[in-house]
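Asker: The following block contains the structure, expressed as C-alpha cells.
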C-alpha cells in the first residue's frame with residue numbers, strides 16, 4: 001500500500017538523498033575538503049582590490065578629455081578608491097574571522113524529521 | 001551609434017572576471033560529491049551568501065534592462081516593483097513561508113506541491129516551471145548579446161555562445177555552489193558598475209534637482225513622473241504608469257510580486273541552500289536590504305537616460321528604452337570604468353542564466369526524472385543526470401536565444417507566459433500552507449483554472465474587447481484575476497472532495513508544523529536580536545515606508 005501512495009514515494013526519495021549526504025558528511029575526507037575550500041570573501045576582496053588598484057592608477061593619470069566625458073568627475077580615481085576600500089573590507093573580515101572547517105559542517109543534525 | 005572605444009584595460013578587466021568565474025567553478029567541483037551537494041550546495045551556506053545570491057539571481061537582463069526601461073518610460077512609479085512588490089514579498093517569504101519549505105526537506109518548490117497535493121498538480125507545475133525557466137535563461141542570453149553588440153560590436157552568436165559556454169562549465173563542475181558564489185561576486189561587480197554610472201549621470205543633469213526639473217519638462221513624463229502615488233486615483237489615472245493604486249497594490253504587489261518571490265524556485269533554491277532554518281529564513285530578509293536600494297541605481301539611470309538621450313523610446317533599433325543603461329555607459333564612462341561596467345552587465349546576465357539553469361536542472365532531475373522515470377537509482381546517478389540536464393538546459397537556452405533574435409517582442413511573450421504560471425501559484429501556496437482542508441485535486445484544478453484566467457485576461461486585453469489601461473496595468477489585473485479564480489476553484493473543489501489525513505500533512509501546513517528553529521534555541525549566537533527574522537523583516541518594511549514618505553513630497 002505504501003508503494004501506491006505518491007506522497008510516501010516522494011518522502012522515500014527525499015530520505016534517500018538526505019541519507020547519501022549524511023553518509024558523506026561523516027567521512028574524514030569531507031572535513032578535509034571543507035577546510036581546504038576557498039573562502040569566497042577572499043575572492044571578492046581580491047577581485048575588488050585588483051579592479052580598484054587598476055582604476056585608481058588610471059585615475060591618477062586621467063587626461064582632462066577623460067574627465068569631461070564623465071561630467072567633470074575623475075570617475076576612475078573615485079571609483080577605484082571606493083573599490084579599494086570595499087576590497088580591504090572583505091580582506092580584513094577574512095583576517096579577523098578566518099573560515100573554520102566547522103563553519104561548513106554545522107548543518108543542523110537535530111532538524112526535525114519529516115516522518 | 002553607441003559603440004564604445006574599449007581599450008586593452010577594459011578587455012583585461014573582462015578577461016580577469018571570466019577567469020575568476022571559471023576558477024570558482026573548478027574550486028567548487030572538489031566539494032561536490034552527493035546529489036544534495038550538487039543541487040542544493042549540501043545545505044551548507046551562511047545567510048549573507050545566500051541572501052546576496054537571492055537578489056543577484058534575479059538581477060539579470062530582465063531587471064537591469066527592463067526596470068531601467070520602465071523608469072525611462074513610466075518615471076519614479078517604477079519603484080513600486082521594489083517597494084510594494086519585492087521587499088514585502090521577501091519579508092513574507094522569510095518570516096512566514098520558509099519554515100514550510102525548509103523543514104519539509106523538499107528539494108524544490110514543485111516537490112512541496114507533490115507532498116501537499118498529488119502527482120498531477122506536481123507534474124503540471126514541474127513541467128511549466130522547467131519550460132519557463134529555460135526560456136527565461138534564453139531570453140537573458142539574447143538580451144545580453146544585444147547589449148554586447150551595441151557596445152562592443154560583437155556578433156550575437158559570439159557573445160551567446162561565449163557566455164552560455166562559461167555558465168555551462170561552471171555549473172556542470174560545481175553545481176549550485178558555484179552558481180551561488182558567482183552570483184555574490186556578480187552582485188559586487190554590477191554595483192561597482194552601476195553606482196558610479198548613476199553618480200556621473202546625476203552630475204551631468206545637474207544633480208537631483210536638475211533631474212527633477214528636466215523630468216517635469218520632458219514630454220511623455222511630466223511632473224507626475226516624479227511621484228510614485230500621485231495620479232493613481234481610481235477613475236482618473238494621470239500618472240505615467242497608467243495603473244490605479246488598487247491594481248498596483250493588489251496586482252503588482254500582492255499577487256505578481258508575492259507569486260514571483262515566494263514561489264519561484266530559482267529564488268527559493270538559494271534559501272534552501274542555507275545551512276539551517278534560521279539562515280534560510282534570513283536569506284530573503286538579508287536580501288531585502290540591498291533590494292531596497294537597487295532602484296536608485298536602476299530606475300534613476302532610466303530617468304537620466306530619458307532626459308539626456310535624444311530620441312530614446314524608439315519602437316525598434318538602438319534607441320529602445322531597454323538600452324537606457326547601456327547607452328548611458330557608452331555616453332559617460334571613460335576607459336577603465338567602462339571595463340567594470342561592461343563586465344558588470346555581462347556578469348549580471350550570466351548570473352541570470354545560471355540561476356535559471358540551476359533551478360531547471362534540479363526540477364528536471366528530481367521532479368521529473370526521479371519522480372516519474374527512474375525512481376530509485378543511487379545518489380550518484382542523479383548527480384550525473386543533473387550534469388547532463390545542465391548541458392541540455394543550456395543548449396535549449398542557446399536555441400531560445402537564437403529564436404528570440406528572430407522575433408522582436410519575444411521577451412514580452414515570455415514574460416507574459418511566466419506571469420501566467422506565477423500569479424495563480426501564490427494563491428495555491430497560501431491556501432496549501434494555511435488551510436489543511438485543501439484537498440489533492442483542489443491543488444490541480446485551482447492551478448489550472450488560475451492559469452487559464454490569466455491567459456484569458458491577457459488576450460481579452462491585447463485583442464481589444466477588454467480595456468484595462470496600459471499593458472502594465474493589464475498585467476496587474478490579469479494577476480488579480482488569476483489569484484481570485486485560483487482561490488475560488490481551490491476552495492470549491494476542496495469542499496467537494498476528500499482531504500488528506502492530518503498525519504500526511506505534518507510539516508507542510510500551518511498548525512501541523514514546528515515553525516521555530518531548533519538551532520536558534522540551542523545556539524546563543526543565533527538568538528541575538530539582529531538575527532531574528534521578525535526584527536529584520538520589520539526593519540526592512542520600516543525603511544520601505546520611510547522611502548515612500550520621502551517621495552511623497
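The values are calculated or read from the model by the stated rules, or taken from the named source; none is laboratory data. On a predicted model such as this, the values are computed, not experimentally measured, just so you know. Glycine gets a Cβ as well: all are built from the backbone with ideal geometry, and neighbour counts include every protein chain shown.
Asker: Filter segment A:1-48 down to the residues that are within 25 Å of residue B:186 (Cα to Cα) and either modelled with pLDDT of 85 or more or more than 8 Å from chain B (Cβ to nearest Cβ) (or both) and list them by number.
Answerer: Those that are within 25 Å of residue B:186 (Cα to Cα) and either modelled with pLDDT of 85 or more or more than 8 Å from chain B (Cβ to nearest Cβ) (or both): A:35, A:39, A:40, A:41, A:42, A:43, A:44, A:45, A:46, A:47, A:48.
Asker: For segment B:320-336, name all the residues that are facing chain A (nearest Cβ under 8 Å) and assigned to a loop (DSSP other than H, G, I, E, B).
Answerer: The answer is B:333, B:334, B:335, B:336.
Asker: Somewhere in segment B:42-52, is a residue away from chain A (no Cβ under 14 Å), assigned to a helix (DSSP H, G or I) and modelled with pLDDT of 85 or more?
Answerer: Among the residues of segment B:42-52, not one is away from chain A (no Cβ under 14 Å), assigned to a helix (DSSP H, G or I) and modelled with pLDDT of 85 or more, which makes the answer no.
Asker: What about residue B:295, is it within 14 Å of chain A (Cβ to nearest Cβ) and within 26 Å of residue B:68 (Cβ to Cβ)?
Answerer: Considered against the rule, which asks whether it is within 14 Å of chain A (Cβ to nearest Cβ) and within 26 Å of residue B:68 (Cβ to Cβ), residue B:295 comes out as no.
Asker: Search segment A:65-99 for residues being assigned to a loop (DSSP other than H, G, I, E, B) and exposed (fewer than 14 other Cβ atoms within 10 Å of the Cβ), and hand back the single one that is nearest to the other protein chains (Cβ to nearest Cβ).
Answerer: That would be A:72.
Asker: Quick check on segment B:89-100. Is at least one of its residues within 12 Å of chain A (Cβ to nearest Cβ), within 16 Å of residue B:269 (Cα to Cα) and at pLDDT 85 or above?
Answerer: There is at least one residue in segment B:89-100 that is within 12 Å of chain A (Cβ to nearest Cβ), within 16 Å of residue B:269 (Cα to Cα) and at pLDDT 85 or above.
A quick yes/no check of all residues on (1) part of a loop (DSSP other than H, G, I, E, B); (2) more than 14 Å from chain A (Cβ to nearest Cβ); (3) in contact (Cβ under 8 Å) with a residue 40 or more places away in the chain; (4) within 19 Å of the chain's Cα centre (by Cα):
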residue	(1), (2), (3), (4)
B:120	no, no, yes, no
B:134	no, yes, yes, yes
B:142	no, yes, yes, yes
B:150	no, yes, yes, no
B:174	no, no, yes, no
B:200	no, no, yes, no
B:216	no, yes, no, no
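Asker: If you scan segment B:362-388, which residues turn out to be more than 10 Å from chain A (Cβ to nearest Cβ) and modelled with pLDDT under 90?
Answerer: Matches in segment B:362-388: B:374 only.
Asker: So, one more: For segment B:13-40, what are the residues that are farther than 27 Å from residue B:101 by Cα and either without any contact (Cβ under 8 Å) to a residue 24 or more places away in the chain or outside any helix (DSSP H, G or I) (or both)?
Answerer: Residues satisfying the conditions are B:15, B:16, B:19, B:23, B:30.
Asker: Pairs please, first residue from segment A:48-64 and surrounded by fewer than 16 Cβ atoms within 10 Å (Cβ to Cβ), second anywhere and in a helix (DSSP H, G or I), Cβ atoms under 8 Å, 6+ apart in sequence or on different chains.
Answerer: Listed by first residue and then by second, the contacts come to A:53/A:80; A:53/A:84; A:57/A:80; A:60/A:77.
Asker: Search segment B:233-253 for residues being free of Cβ contacts under 8 Å to residues at least 60 places away in the same chain and part of a helix (DSSP H, G or I), and hand back the single one that is surrounded by the fewest Cβ atoms within 10 Å (Cβ to Cβ).
Answerer: B:246
Asker: Tell me, which residue of segment B:101-113 that is at the interface with chain A (Cβ under 10 Å from one of its Cβ atoms) and not in a helix (DSSP H, G or I) is nearest to residue B:54 (Cα to Cα)?
Answerer: Result: B:107.
Asker: Also, quick follow-up: Tell me whether segment B:63-71 contains one or more residues that are closer than 18 Å to residue B:268 by Cβ and assigned to a helix (DSSP H, G or I).
Answerer: The answer is yes; a qualifying residue exists.
Asker: Next up: Among (1) modelled with pLDDT of 90 or more; (2) in a helix (DSSP H, G or I), which single condition is residue B:438 missing?
Answerer: Only one criterion is unmet by residue B:438, namely (2).
Asker: Could you figure out which of (1) more than 10 Å from chain A (Cβ to nearest Cβ); (2) buried (at least 24 other Cβ atoms within 10 Å of the Cβ); (3) closer than 30 Å to residue B:441 by Cβ isn't true of residue B:116?
Answerer: All conditions are met except number (1).
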